[in-house]
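Accompanying notes for the structure given below.
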Amino acid sequence: MTACTAALSHQTVRARLVATVKRHRIRFSVAGLAGLVGAAVVALATSALAQPAGDSAGPEPGRPGSIRPLATIQGPDVNARTKSTTAVLQYYSVPGTAFQPITSGTTYAYINNGCIHQTGGTDARFHAPVYLPEGTTVKYVRLYYYDASIEDMSLYFVAYVPGTGNTTLASMLSTGTAGLGSTVSAELDVVFNPESFNYVLVWAPTFALSAQQICGVRIAYYPPAQAATLCSLDADGNGAIDALTDGLLILRAMFGLKGTAVTSNAIGGGVPTRTTWVQLRDFFNGSCGASFAQ
């Protein structure tokens, strides 16, 4: 095919697609229309160069699930109960029973509802490791306690460089003598870096008595940012670009078809990640600037 013929074919297909879009009143941004038209034309023109289905890539790993928070209480570490387009806090919860004494000579006892207290020993330090994904941003640490004494217990959020040193990232005290209560740290901006640090919660009571108990800790955090999905000719997400699958899916969608009328006999081999009209529509609308209706 000569350059002139290729250009003419491109212009002809573009003109017909634009006419169809206007006739069916499909709305696109200028960039989105240009991207999808270009995708269809290039896919059809390069079918001979497409990757074979056997070379398709596997699916992306799944995202980690959110950790459910404890009961809602008032404080800066509680999400607003209104719909928002911004990121919302997620929670990592540690029961009091997860804390273990740092030295073997320190003893402790379980009370109830996840609470423990020190019963003996001279080293009043207990610790519990914290495991969060790399890139997580910790914003607040909240201590849940029982304190009926005149002294205050302490909680520390610490980053250790194994065998070298440590840094206290946050600290807080129990307050009052009323029994059950909670206290929250100042706002933090600690980005989790498990490649370089071990993260630990350290509880330090002032009495080896049941008047001071640790009942749990809740860490409020923002999960790592997810990479944006880019517009691609690989419509079905199987790692291969094929005019008879991806090109057909794009053309059918642009001609106003929906549902199985788009996907029937047009999904590529291998391990495609977009096999339904809903998945394809969300991909086109979210990544390619289209606005296909349901």
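Each reported figure results from applying straightforward, stated rules to the coordinates on display, with no laboratory input. Only a predicted model underlies this, so the values are computations on that prediction, with no experimental measurement involved. Every residue, glycine as well, gets a Cβ built from its backbone with ideal geometry; the counts of neighbours run over all protein chains shown.
First check a/c for segment 145-294, with a ≥ b ≥ c the square roots of the eigenvalues of its C-alpha gyration tensor; if it is under 1.5, answer rounded, and if not, answer prolate when a/b is larger than b/c or oblate otherwise. It is prolate, given that a/c is not under 1.5 and a/b is the larger ratio. Using R0 = 35 Å, the C-beta based FRET efficiency linking ILE111 and VAL78 works out to 0.85. Note: relative contact order over segment 90-222, using C-alpha pairs below 8 Å and six or more positions apart, is 39 percent. Stretched out straight at 0.36 nm per residue, the stretch from THR273 to GLN294 would grow longer than its current Cα-Cα span by 5.6 nm. Its relative contact order, with pairs defined as Cα atoms under 8 Å and 6+ residues apart, puts segment 147-233 at 34 percent. Here the calculated FRET efficiency for ASN285 and GLU134, from their Cβ-Cβ distance with R0 = 22 Å, stands at 0.10, rounded to the nearest 0.05.
A simple count of charges around THR206, restricted to other residues whose Cβ falls under 15 Å of its Cβ and scoring Lys, Arg +1 and Asp, Glu -1, yields -3. Using the charge dipole of segment 90-222 (Lys, Arg: +1 at Cβ; Asp, Glu: -1 at Cβ; taken about the Cα centre), state which of PRO133, ALA170, ALA98 has its Cα farthest towards the positive end. About the Cα centre, the residue reaching furthest to the positive side is ALA98. Here the simple spin-label model places points 7 Å from the Cα toward Cβ, and for ASP189 and GLN100 these points are separated by 3.6 nm. Applying 1/(1 + (r/R0)^6) with r as the Cβ-Cβ distance of LEU209 and THR175 and R0 = 25 angstrom yields a FRET efficiency of 0.90.
Suppose every K and R has +1 on its Cβ and every D and E has -1 on its Cβ; what is the size of the dipole of segment 90-222 about the Cα centre, in Debye to the nearest 20?
Here segment 90-222 has a charge dipole of around 180 debye.
Translational diffusion coefficient of segment 90-222 at 4 °C, 1.567 mPa s, Stokes-Einstein with Kirkwood Rh over Cα pairs, in µm²/s as a whole number. Diffusion coefficient, whole number: 87 µm²/s.
From Cα pairs below 8 angstrom and at least 6 apart in sequence, can you work out the relative contact order of segment 197-294, rounded to a whole percent? Kindly include the intermediate steps, with their values, before the conclusion.
Values: 87 pairs, mean separation 23.0, N = 98.
Rounded, it is 23 percent for segment 197-294.
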